[in-house]
Structures are given as structure tokens and as C-alpha cells.
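The structure under discussion appears below in the form of C-alpha cells.
The values are calculated or read from the model by the stated rules, or taken from the named source; none is laboratory data. Note that the structure is predicted; figures quoted are calculated from it, not measured. Cβ atoms come from the backbone with ideal geometry, glycine included; neighbour counts cover every protein chain shown.
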């Protein structure tokens, strides 16, 4: 039985996703046409050809101007902006309960909450160790207001939120104060799906909740009638690739009044005076949308959401689950000739409560770490797009590699010169620990052939060493990458 037949036998649910193979031919023909394998869906989704055609036709047939006016072109643009806003609320089942604020991306949405949330002495900020740096950055606003800051740890090796420890930390809040919990629905490092039941648990203990949904919503449905965080952050390019530069902050209407903007800008005020030195902030979403929106790109969001709806999230999820489970199974079986494992996977080793993000490091037959930067270079030569580094999620990476506070201080001893490549070199001198990894991630256009090509690439690393694949080293004195070998 060949590999393809065995895969279909082991994953019968894959056959129900055949519509995605047709889409691969019509909407994503450029992948196979260029011989490329795209495995970076957590970095960005891929846009379908029809999305571009529909958006171009819209721009070509309408006169659309800056919406901050009452002219015909502005009125028409305002109609499209509000139509898209309504489609977002409908898609997430938040109509009537949530306000949708357009931002540049999920990071911009997170910052809106961070700067406007009423942090105070006696209140608390609780972050999961597994968080994107944009969420970690909230602590700077909280610290400036004297708010206590805690991190909920992860279990090892599966990198899931430690529920008992989280429970203890949640119980420390004073419900009379302002308390904010922030965590990702799905990890951009490990692919772990953290339990959304934490939202209700936190609410019961006097917490507001910010849910970072950026890595979750490309392959999962988020229903805001079933899960009701106070704040939800999304980047649409991660969902369907186009447009970039448009994200969203979904604010539960009951929490909207808690946010107090620390400044005002064009478009956010109903009235402002220089001589009177006063301003009246616009109500609702308008008070949060600084300056002029990326208005010409916003209608493309509705087009992208409709594209996802036509495919069906259940179909996307089923395909990604099948491919992810197969990838994990095959990777775990990889061995050097001497029987040593070739790869170390981070996080869950099955598809249970995890998404299509798989992070790993590779090792030689003697158990020595292979530089992930060289792996990326070699993959690129094969036409495979993947991602390496720390993925802007230092907490998950530190837990995965058992990095300690002493390790962190050893890196910080280099002061302002510290970079990730330099820190990797420092860690290699401290027992061969890694400060980064290789990440592959699957999405709606992924297919069997993509994963098979990646597995064949990885198989060629069998019995290879740093010397045989070519070295990538970082000179601490000059802060330069030095390559040896081929």
C-alpha cells in the first residue's frame, strides 16, 4: 500500500474535504504552478484568486472617498465600511452584544484595550505564560498604574495552561477592583487550544477577559453567544490572507464603558477645541478608530468572510486535523540509523485540542541540536516556506526548552546588544539549549502533497550533522552571522 492510500485509510474524514482540492486548483493554482509548499498559515493565510477579483471589481465600479464626510463618495464608502462591520458581527455571532472596532491588526486591537483599561492599585493583570508579545506588552500599562501582574504557568511537555495554578491565581482577585485576564484561544507557538471555559470561570471570579483569537479563527469557529469574552482581537490576513492592514477589536457592550481612552485623534471626537482645550469623544466604535481607516481595504474583509463561509469552517477544520495528526505521527517515528530521534516536537503529540501549528527542533545522531536557521535555509532551497525563531512568544519557548531565569539574565547581560541569534549562541554555551525552533502550520489550502514534501525533506536530514548540512554560527564579538559549509 502506497503512502497516499495508507493515509486515506487512516484518515477517512479527509475524503469529505475534497472540495478544498478543487479550490486548490482554481483559487490557489499559483502554489502548484510555482512548485511551492506553503507551511506558514499561522504567519499569514493565503488569499484566493477570487477575493482579489471581487475586491478589484468593487473598486473599479464605485467612487469611494474618505468616509469622514457627507459627500456622495464618502457616503458610499461609509456604507461599505458599516456593511463590513455588520458582516463581522454576524460572522462571530455577536450582533447586538458586541461592538466591532477596526484596527490595523490584532496587535493594534490589544493595545487599544491595554491603554484604555482601568488598571489600578489593588487590581490584577493575569497573563498566561503562553502569549504573543503583543499581549505580554499589556503589562507595561498595568505596571505604570500599580496593578499586580502574574503569569499562569504551563504544564510540560504538552504546554497547556496549568488549570490548578490558574485557579489559584484567579481566586486572588478582588472583584471590587479592575482585573484583566488575557490568554490565546490557540497558541501561535505550540498549536495548543486553551480551554475557552476559562472565560466563564474568570467572569465568575471577578475578572474581565481579553481573548487573543488571531491564531484560532483561521481554522475554528468562534461563537460569541457561546463564549463571551469582554475583548476579542483578530487579524483578518491570518484568516484569509487579504487584505493586510485590517484587524478588529470586538468589545462586549457591557464592557465598553470600562475603557477610557487616554487621548483623542482625528475621527474619534464629536467636538474638539483648541481655545477651550476640551474634547468630546465620539460614542461607540468611532471613539476608538484613530484617524482615517484603511477604508479601501475594509470591504475586502466582507469578501474574505464570505469566502470562508462558502468553504465551510467544518471542512477546513477537518482537513487541518487530518493533516496535522498525520504529520505528528510521522515526525515522531523519524529516527537516525542509530535509533536516536531526529526531531523533538513541542506541545501535544496528537491532534486532540490542538490546531495545525507544529513546532519542533532537529537533532543529529549524537543528540546535538541542528541550527533551525540552517533548516530554514535548506527548506527554502526546496521551495518550502516555513518559519523559524521564537514566534514572538517567549513564554511558551522558555517553557518548552526549560530555560530558566538565570538563562534569561545571562542573555540580558549583553545589554542593548542582545538579539535572538546572539541569545541562541549564549544558550548553546550554557548546555546546548535552544532559544528558537522550526514551525510549520497548515491551513485551508494545505493538502496531502504539501505535508508529504515536507516529510521527505525532513527524511533527508537522517544521519546528518551540523557539519554535513552546513553551519550557521553567530559571532558574539561582531554580532554577525557566519556560515560555514554548503
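Quick grid of which residues meet (1) assigned to a loop (DSSP other than H, G, I, E, B); (2) modelled with pLDDT under 95; (3) in the same structural domain as residue 186 (by TED's automatic domain parsing); (4) surrounded by fewer than 21 Cβ atoms within 10 Å (Cβ to Cβ):
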site	(1), (2), (3), (4)
25	no, no, no, yes
32	no, no, no, yes
60	no, no, yes, yes
70	yes, yes, yes, yes
77	no, no, yes, no
82	no, no, yes, yes
85	no, no, yes, yes
107	no, no, yes, yes
- Query: Before we move on, is residue 6 under 29 Å from residue 437 (Cβ atoms) and loosely packed, with under 15 Cβ neighbours inside 10 Å?
  - Reply: yes
- Filtered residues of segment 371-390 (kept if assigned to a loop (DSSP other than H, G, I, E, B), at pLDDT 95 or above and surrounded by 16 or more Cβ atoms within 10 Å (Cβ to Cβ)): 386
- Would you check if there is a residue in segment 71-90 being within 19 Å of the chain's Cα centre (by Cα) and over 23 Å from residue 399 (Cα atoms)? yes
- Message: Is it the case, given these coordinates, that residue 362 is closer than 30 Å to residue 51 by Cα and modelled with pLDDT of 95 or more?
- Response: no
- Task: State whether the residues of segment 117-124 include one that is closer than 30 Å to residue 350 by Cα, surrounded by 16 or more Cβ atoms within 10 Å (Cβ to Cβ) and touching a strand residue (DSSP E or B) at 6+ places or on another chain (Cβ under 8 Å).
- Result: no
- segment 37-58, residues that are loosely packed, with under 13 Cβ neighbours inside 10 Å and either in contact (Cβ under 8 Å) with a residue 40 or more places away in the chain or over 19 Å from residue 239 (Cβ atoms) (or both): 56, 57
- If we scan segment 337-345, do we find a residue that is touching a helix residue (DSSP H, G or I) at 6+ places or on another chain (Cβ under 6 Å) and closer than 30 Å to residue 243 by Cβ? no
- Can residue 205 be described as touching a strand residue (DSSP E or B) at 6+ places or on another chain (Cβ under 6 Å) and surrounded by fewer than 24 Cβ atoms within 10 Å (Cβ to Cβ)? no
- Query: Residues in segment 281-293 that are surrounded by fewer than 17 Cβ atoms within 10 Å (Cβ to Cβ), within 29 Å of the chain's Cα centre (by Cα) and assigned to a loop (DSSP other than H, G, I, E, B): how many?
  - Reply: 2
- Query: Going through segment 349-364 one residue at a time, which ones are over 30 Å from residue 470 (Cα atoms) and either in the same structural domain as residue 214 (by TED's automatic domain parsing) or touching a helix residue (DSSP H, G or I) at 6+ places or on another chain (Cβ under 6 Å) (or both)?
  - Reply: 351
- Query: Which of the residues belonging to segment 159-194 are surrounded by fewer than 16 Cβ atoms within 10 Å (Cβ to Cβ) and part of a loop (DSSP other than H, G, I, E, B)?
  - Reply: 171, 172, 174, 175, 176
- Query: Does any residue of segment 409-424 turn out to be under 30 Å from residue 304 (Cα atoms) and either at pLDDT 90 or above or not in a strand (DSSP E or B) (or both)?
  - Reply: no
- Note on the structure: For segment 245-267 the number of residues that are in contact with a helix residue (DSSP H, G or I) (Cβ under 9 Å, 6 or more places away or on another chain) and closer than 29 Å to residue 277 by Cβ is 11
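This table checks each residue for (1) modelled with pLDDT under 90; (2) not assigned by TED's automatic domain parsing to the domain that holds residue 442; (3) not in a loop (DSSP other than H, G, I, E, B).
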{"position": "258", "(1), (2), (3)": "no, yes, no"}
{"position": "267", "(1), (2), (3)": "yes, yes, no"}
{"position": "279", "(1), (2), (3)": "yes, yes, yes"}
{"position": "296", "(1), (2), (3)": "no, yes, no"}
{"position": "305", "(1), (2), (3)": "no, yes, yes"}
- Message: Checking residue 227 against (1) crowded, with 17+ Cβ neighbours inside 10 Å; (2) touching a residue at least 40 places away in the same chain (Cβ under 8 Å), only one condition comes out false. Which one?
- Response: (2)
